[in-house]
Amino acid sequence: MLQLLNSELFAEKNIEVWVLRLDKIHADYGGNKILKLKYHIEEALQNDCKTIASFGGPYSNHLAALAAYGKSHQLKTIGYVRFQGDYKKYPTLVAAEKNGMQLQFLTNNEFKIAQQKIINQPIDLQNKIYCIPAGGHTQLGIKGCKEILALDILKKSRDNFTHIFVPVGYGTTLAGIANSASTAQKIFGITAIKNGEELNEEIKSITTKKNWQLLTNYHFDGFGKINQSLIDFMTKCKVDFDLETDRVYTSKMLFAIFDLATKNFFNSNDKILAIHTGGLQGNN
Ligand SMILES: *Cc1c(COP(=O)(O)O)cnc(C)c1O
């Protein structure tokens, strides 16, 4: 679904802002995560693996999506979680477990070692387990995200957008979009962590495209952090546009677009596409 935001601010600046609702792909595993998982799962099945394992923290939308997808497609899932303590306080982990994911808790060090081990050998042939790195941050993940701009719903309009905005965690989604956008389109990644500049090198190492740029000042004091002005903004999106956003990624990206519009960052007639990457289950 493609949603035009009817905002006085955008009318005044003579710009259009459209939201691509990847969150609407599926109620339980909608968002960018299913695209990052797609080719990993395909490879798992080609290798006769019916168990899929992956890595994440206690707020991992990636593990939540993998668990939900696994449940609806009769696949077993294992989540290696970098966390010690009472996981029942974390709705994302509780939801993943409810969807049949077997959770295993690792210390930082164990997590690092376990991830390192699977980079070169993702398949446990003996136990038929396919292992995906945290966040699906691989070339297969990027390949899945390349399909975002190729979605049917964008067929007529994709080349008309002057700007594309996407929230950034690892930058897999941004890289997929950069690889498939036209050279005239400017892609802006809104980083969710505090020192987002550090992601520049990593993203340069996974895409050769130069049509993108990170905006690192919209993290609201860090990953998952929230303040009253962001809460008010999320309420405004809900009330004014019937647009639900998550508190980690999509709210901050949309906030950036409104803030930049206020500051006359855009030119008259610009058309902006904002990618709603999902994550709504994390709001619980
Ligand atoms: C994981 C996630 C992202 C970040 O995606 P990357 O490809 O890691 O940059 C953005 N938005 C939401 C809602 C997510 O869950």
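The values are calculated or read from the model by the stated rules, or taken from the named source; none is laboratory data. What you see is a predicted model; the values in this text were computed from it and never measured. Counting neighbours? That spans all protein chains shown, and the Cβs are built from the backbone with ideal geometry, glycine included.
Annotations for the structure displayed:
- The requirement of being closer than 20 Å to V248 by Cβ, among the hydroxyl-bearing types (S, T, Y) and buried (at least 23 other Cβ atoms within 10 Å of the Cβ) is fulfilled somewhere in the range 169-179, by at least one residue.
- Selection within the range 236-250 - of a type in the set (A, V, I, L, M) and either crowded, with 17+ Cβ neighbours inside 10 Å or within 11 Å of T277 (Cα to Cα) (or both): L243, V248
- Test: residue in the range 169-182 that is among the polar types (S, T, N, Q) and away from the ligand (no atom under 15 Å from the Cβ): yes
- Selection count where residues are touching a residue at least 60 places away in the same chain (Cβ under 8 Å), outside any strand (DSSP E or B) and either exposed (fewer than 14 other Cβ atoms within 10 Å of the Cβ) or away from the ligand (no atom under 16 Å from the Cβ) (or both), scope the range 126-146: 3
- Matching entry among I177, I164 (being under 18 Å from K33 (Cβ atoms), of a type in the set (V, I, T), modelled with pLDDT of 95 or more and in contact with a strand residue (DSSP E or B) (Cβ under 8 Å, 6 or more places away or on another chain)): I177
- Where helices (runs of 4 or more DSSP H) fall wholly inside the range 1-108, the ranges with 1 or more residues that are free of Cβ contacts under 8 Å to residues at least 24 places away in the same chain and of a type in the set (A, V, I, L, M) are 8-12, 32-46, 91-98.
- The range 257-277 - residue that is within 14 Å of S7 (Cβ to Cβ) and of a type in the set (A, V, I, L, M) and, of those, farthest from the ligand (Cβ to nearest atom): A261
- Checking L280, L199 one by one, the residue that is among the aliphatic types (A, V, I, L, M), modelled with pLDDT of 95 or more, within 16 Å of the ligand (Cβ to nearest atom) and surrounded by fewer than 23 Cβ atoms within 10 Å (Cβ to Cβ) is L199 and no other.
- Boolean, Q116 is in a helix (DSSP H, G or I), over 15 Å from the mean Cα position of the chain (by Cα) and modelled with pLDDT under 95: yes
- The numbered conditions (1) small (G, A, S); (2) under 29 Å from F111 (Cβ atoms); (3) within 18 Å of the chain's Cα centre (by Cα) are all true for A27 except (2).
- Applying the criterion of being in contact (Cβ under 8 Å) with a residue 60 or more places away in the chain, among the hydrophobic types (A, V, I, L, M, F, W, C) and part of a loop (DSSP other than H, G, I, E, B) to the residues of the range 147-157, the residue that is nearest to A44 (Cα to Cα) is I148.
- Total residues in the range 39-77 satisfying the condition of being within 11 Å of I132 (Cα to Cα) and not hydroxyl-bearing (S, T, Y): the figure is 11.
- Positions within the range 1-48 being touching an Asp or Glu at 6+ places or on another chain (Cβ under 7 Å) and loosely packed, with under 15 Cβ neighbours inside 10 Å, in sequence order: L4
- For the range 58-81, a tally of residues being more than 17 Å from D246 (Cα to Cα), within 15 Å of the ligand (Cβ to nearest atom) and either at pLDDT below 95 or surrounded by fewer than 21 Cβ atoms within 10 Å (Cβ to Cβ) (or both) returns 0.
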